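Input: a single structure, listed below in structure tokens.
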Amino acid sequence: MIRARDVHFSFPGREVLHELTIDVEESLTTVIVGRSGIGKSVFLKCITGLLRPQAGSITIDGEEVVNAGRAELRSIRRKIGMLFQEGALFDSLNVKENVAFPLVYHKSATPREIDMKVDSYLDLVGMRDSATSMPQELSGGMKRKVAIARAMILEPRYLLYDEPTSGLDPASSAIVESMIKRLQEERAITSLVVTHDIDLTRFIADRIALLEDQRIIAQAGREDGFREDSPIYVHFIKNRERIRAENGY
Ligand SMILES: Nc1ncnc2c1ncn2[C@@H]1O[C@H](COP(=O)(O)OP(=O)(O)O)[C@@H](O)[C@H]1O
Ligand SMILES: [Mg+2]
């Protein structure tokens, strides 16, 4: 389980998160929704130790991330796969090398094992035929699939997804959505997804949390989250309707 308690994070002169508290429960998919620029990516980076909160606590299976030293962070990161916003592959590495990267970095397998594992994960995401392609040669959807394979290769207990469907066409989004759902169902992976994609949320979320005013202001199960009077539903649907109405549509 990932537990965040009263997390504060500021960039110089700009407070982003203020007393953010949330539990990401085991074997479920939790989706944090919130508008652009609200701090979703910052929060995911705090969980992986890429950014250091100024106060508060984030524990993963009871291990504290906020004050963790280098070695501790490394062991915590081994449990977490992260899909960065836009997929973010290494441009100078081909598909195979991108997917192999976490294994190489953590020195957790022989070259032969790495090869076999990379092939099997490329199969899983349907990208084996592109193993030697460079990222620049791939469509957005293909890059995202490669990035998911890379996030999964250490067989992490936790997967963090930063806007997994943003910028994808509907068909590619549907593939990515199905992939996230399948991983959760078949491998009981604990997933934390941040997004503002309502269709994605409706499809994969077990729990939905709303990030607003620098903290989590509402949480609900999927059913309740999409009820008319839910703050989450209001955020998603009503705000859009209101803005359209204000503009005369
Ligand atoms: N490296 C940075 N330095 C200063 N401000 C940043 C930096 N990265 C993000 N921010 C600011 O922090 C806020 C939250 O950013 P982010 O977490 O990326 O938003 P989201 O992912 O919800 O769209 C934004 O206002 C953004 O401008
Ligand atoms: Mg972001």
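No lab work stands behind these numbers, since they all come straight from the coordinates. As the structure is a computational prediction, the values presented were derived from the model and not from experiment. Here Cβ is always computed from backbone atoms with ideal geometry, including for glycine, and neighbour counts include all displayed protein chains.
Can you sort Tyr249, Tyr105 by how many other beta carbons sit within 10 Å, fewest first?
Result, fewest neighbours first: Tyr249, Tyr105.
Can you tell me the Rg and Dmax of the range 124-249, counting just the alpha carbons, in angstroms?
When restricted to the Cα atoms of the range 124-249, Rg and Dmax are 16.8, 51 Å.
Among Ser108, Ala131, Phe84, whose Cα projects farthest towards the positive end of the dipole of the range 82-133, with charges put on the beta-carbon of Lys, Arg (+1) and Asp, Glu (-1)?
Ranked along the dipole, the leading option is Ser108.
Can you pull the Rg over Rh of the chain, Cα-only, Kirkwood?
0.98
Can you list the equivalent-ellipsoid semi-axes of the range 1-51, largest first and in whole Å, using the square root of 5 times each Cα gyration tensor eigenvalue?
20, 12, 10
Where Rh denotes the Kirkwood radius from the mean inverse Cα pair distance, what is Rg over Rh for the range 151-217?
0.97
From the phi angles alone, apply the Karplus equation (6.51, -1.76, 1.60; θ = phi - 60°) to the range 186-203 and give each ³J(HN,Hα) in whole Hz, x where the residue is Gly or Pro.
Those phi angles translate into 7, 10, 6, 6, 8, 10, 10, 10, 10, 6, 10, 8, 5, 5, 4, 4, 4, 7 Hz.
In deg cm²/dmol, rounded to 500, what helix-only [θ] at 222 nm does the chain give when every DSSP H run of at least 4 residues adds -39500 (n - 2.57) and the total is split over its residues?
-11000 deg cm²/dmol
Can you tell me the 0 to 90 degree angle between the C-alpha axis of helix 140-152 and the longest principal axis of the chain, rounded to 10?
80 degrees
According to a simple spin-label model (label point 7 Å from Cα along Cα-to-Cβ), what is the distance in nm between Leu50 and Phe90?
Here the modelled spin labels are 1.5 nm apart.
Would you calculate the separation in nanometres between label points at Asp6 and Ala188, each defined as 7 Å from the Cα along the Cα-to-beta-carbon direction?
3.4 nm
Restricting everything to alpha-carbon atoms, can you work out Rg to Rh for the range 76-148 with a Kirkwood hydrodynamic radius?
Across the range 76-148, the Cα-based Rg/Rh ratio is 0.94.
If you take every residue apart from Gly126 with its C-beta less than 14 Å away from the C-beta of Gly126, what net charge results, scoring Lys and Arg +1 and Asp and Glu -1?
So the environment of Gly126 carries a net charge of +2.
If packing is taken as the mean number of other Cβ atoms within 10 Å per residue, what is the order of 227-237, 191-201, 25-35, highest first?
Most protected by this proxy first, the peptides run 191-201, 25-35, 227-237.
Kindly state, to the nearest 0.05, the FRET efficiency for Ala71 paired with Lys238, given R0 = 51 Å and r defined as their beta-carbon distance.
Once rounded, the FRET efficiency stands at 0.60.
What does the net charge come to around Glu246 if you take all other residues with beta carbon closer than 13 Å to its beta carbon, with K and R at +1 and D and E at -1?
Local net charge: +3.
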